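Asker: Here it is, the structure in full.
The values are calculated or read from the model by the stated rules, or taken from the named source; none is laboratory data. This structure is a prediction, so every number in the text was calculated from the model and none was measured. Cβ sites come from the backbone with ideal geometry, for glycine too, and all protein chains shown count toward neighbours.
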Amino acid sequence: MRALVFDGKQPALRPNHPDPQPADGEVLIRPLRMGICATDVEICRGYMGFTGVLGHEFVGTVEKLGKGADKKLLGKRVVGNINCVCGKCDMCRGGLPEHCRERTVLGIAGRDGCFADLFCLPARNLIEVPDTLDDDRAVFTEPVAAAYQILRQLTIEGRPFVTVLGDGRLGLICAQVLSQLNATVRCVGKHTDKLALCEKWKVKHRLLSDVGLRADQDIVIDCTGRAEGLAIAMKMVRPRGKIVLKTTIAPHHQSPDNALDLSPLVINEIQVIGSRCGPMAEALWALAGDKLDVVSLISRRMKLADGAEALRLCAGATGSQGVIKVLLEP
Ligand SMILES: [Zn+2]
Ligand SMILES: [Zn+2]
């Protein structure tokens, strides 16, 4: 089969990669659409030290069952939780399987990803996609779940001032999700063309260069995908406020010489909350219920065969070229 492989140096399409075989309890999936996200780009810069088949955002069809996998899944269109867990460690037994100490993560840690003709996941990770939800929207389930995770970690009461920092793929999804709450949400970024989408969703937006860093926001969500995101967030958030970090970056792209000054966190008694993967079923319902506009985020569609070029396009897209989401098709 074909697979987009990162060998530690660069991503490249391998035309004759060996077909994966589903282990016990796993299924073989053929992706229909795949999404490229900032994590994929960072992996190609050394994030997580991962090598292997890239990719973790997908919607696909179950093609083959491993031993013991639920037979009802065969032929079904599915999305899936990317964290594959042991079920036995202290985290799993303690009700935090997403923090399983033995976990592998699709295309991110210890497990080949979905940018291929075929890939495997445990059957119990999968959720069937309703017929009313097309592939273009279903492929966004994983990043939408990451946005919904914020609502599990924060209680938003009254009308707090919330800033979503960053107008990229995840920032624009988080802004939509949070603005559905009773909160005064604004998206702050650097790109007029990307922020213009907020207009359509009636979400407030401002250019970073136009906002004063006045330490007046109750909550700041850092979706910048950049090392300086936390520093800016610390200047925006009010004393006793909260910062949610969504940014994941390769170590050498982080602040040089640990120059980041964390003392504002102490002085202003700020809570910092790290936030990763979220509830897939909730995200799928939100998408199926047409509560979010993700189709407007699709900038380009490319073929899996052109995957390496697609990744380069996304890597350069932190500039102002207007690329938000690139989808891959088989
Ligand atoms: Zn992602
Ligand atoms: Zn575990």
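Residue-by-condition table, conditions (1) within 12 Å of ligand 1 (Cβ to nearest atom); (2) touching a Leu at 6+ places or on another chain (Cβ under 8 Å); (3) not in a helix (DSSP H, G or I):
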| site | (1), (2), (3) |
| --- | --- |
| R45 | no, no, yes |
| M48 | no, no, no |
| G55 | yes, yes, yes |
| V79 | no, yes, yes |
| K88 | no, no, yes |
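Asker: Looking only at residues that are charged (D, E, K, R) and within 23 Å of the chain's Cα centre (by Cα) in the stretch 80-104, which one is farthest from ligand 2 (Cβ to nearest atom)? Let's see the steps before the verdict.
Answerer: First pass over the stretch 80-104, keeping only residues charged (D, E, K, R): 88, 90, 93, 98, 101-103.
Restricting the remaining residues to those that are within 23 Å of the chain's Cα centre (by Cα) gives 98, 101-103.
Details: E98: 10, R101: 6, E102: 5, R103: 6 Å.
Looking at residues that are charged (D, E, K, R) and within 23 Å of the chain's Cα centre (by Cα), I get E98.
Asker: Any residue at all in the stretch 137-154 that's of a type outside the set (D, E, K, R), more than 16 Å from ligand 1 (Cβ to nearest atom), farther than 20 Å from G241 by Cα and not in a loop (DSSP other than H, G, I, E, B)?
Answerer: First pass over the stretch 137-154, keeping only residues of a type outside the set (D, E, K, R): 138-141, 143-151, 153-154.
After this cut, where a residue has to be more than 16 Å from ligand 1 (Cβ to nearest atom) as well, the list is 151, 153-154.
Narrowing further to those that are farther than 20 Å from G241 by Cα: none.
Looking for residues that are of a type outside the set (D, E, K, R), more than 16 Å from ligand 1 (Cβ to nearest atom), farther than 20 Å from G241 by Cα and not in a loop (DSSP other than H, G, I, E, B), one finds none in the stretch 137-154, hence no.
Table: residues versus (1) more than 25 Å from C100 (Cβ to Cβ); (2) modelled with pLDDT under 95; (3) part of a loop (DSSP other than H, G, I, E, B); (4) within 16 Å of ligand 2 (Cβ to nearest atom).
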position: P18; (1), (2), (3), (4): yes, no, yes, no
position: Q21; (1), (2), (3), (4): no, no, yes, no
position: D24; (1), (2), (3), (4): no, no, yes, no
position: L28; (1), (2), (3), (4): no, no, no, no
position: P31; (1), (2), (3), (4): no, no, no, no
position: M34; (1), (2), (3), (4): no, no, no, no
position: T39; (1), (2), (3), (4): no, yes, no, no
position: G75; (1), (2), (3), (4): yes, no, yes, no
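Asker: Every residue in the stretch 75-104 that is hydrophobic (A, V, I, L, M, F, W, C) and without any contact (Cβ under 8 Å) to a residue 40 or more places away in the chain, please.
Answerer: V85, C86, C89, M91, C92, L96, C100, listed by residue number.
Asker: Say we look at the stretch 1-17 and pick out the residues that are loosely packed, with under 10 Cβ neighbours inside 10 Å and farther than 16 Å from G107 by Cα; which of these is nearest to the chain's Cα centre (by Cα)? Walk me through it before giving the result.
Answerer: Looking only at the stretch 1-17, we keep the residues that are loosely packed, with under 10 Cβ neighbours inside 10 Å, and these are 9, 15-16.
Keeping just the survivors that are farther than 16 Å from G107 by Cα gives 15-16.
Values: P15: 27, N16: 29 Å.
Among residues in the stretch 1-17 that are loosely packed, with under 10 Cβ neighbours inside 10 Å and farther than 16 Å from G107 by Cα, the one nearest to the chain's Cα centre (by Cα) is P15.
Asker: Would the stretch 111-129 turn up any residue that is within 16 Å of ligand 1 (Cβ to nearest atom), part of a helix (DSSP H, G or I) and among the charged types (D, E, K, R)?
Answerer: Looking for residues that are within 16 Å of ligand 1 (Cβ to nearest atom), part of a helix (DSSP H, G or I) and among the charged types (D, E, K, R), one finds none in the stretch 111-129, hence no.
Condition check ((1) under 15 Å from G35 (Cα atoms); (2) in contact with an Asp or Glu (Cβ under 6 Å, 6 or more places away or on another chain)) across all residues:
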residue: F50; (1), (2): no, no
residue: G60; (1), (2): yes, no
residue: L65; (1), (2): no, no
residue: I82; (1), (2): yes, no
residue: I127; (1), (2): no, no
residue: E142; (1), (2): yes, yes
residue: I150; (1), (2): no, no
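Asker: Related question: Take the conditions modelled with pLDDT of 95 or more and not aromatic (F, W, Y) and apply them to D167. Does it pass? Can you show your working first?
Answerer: Values: modelled with pLDDT of 95 or more: no; not aromatic (F, W, Y): yes.
No, not satisfied.
Asker: Within the stretch 191-198, identify whether any single residue is within 28 Å of L96 (Cα to Cα) and touching a strand residue (DSSP E or B) at 6+ places or on another chain (Cβ under 6 Å), and answer yes or no.
Answerer: Step one: of the stretch 191-198, the residues within 28 Å of L96 (Cα to Cα) are none.
Looking for residues that are within 28 Å of L96 (Cα to Cα) and touching a strand residue (DSSP E or B) at 6+ places or on another chain (Cβ under 6 Å), one finds none in the stretch 191-198, hence no.
Asker: A follow-up question, please. Working carefully through the options L287, L292, L328, find the one that is in contact (Cβ under 8 Å) with a residue 60 or more places away in the chain and assigned to a strand (DSSP E or B). Please lay out each step first, then the result.
Answerer: Values: L287 fails: assigned to a strand (DSSP E or B); L292 fails: assigned to a strand (DSSP E or B).
L328 is the lone residue from the list that is in contact (Cβ under 8 Å) with a residue 60 or more places away in the chain and assigned to a strand (DSSP E or B).
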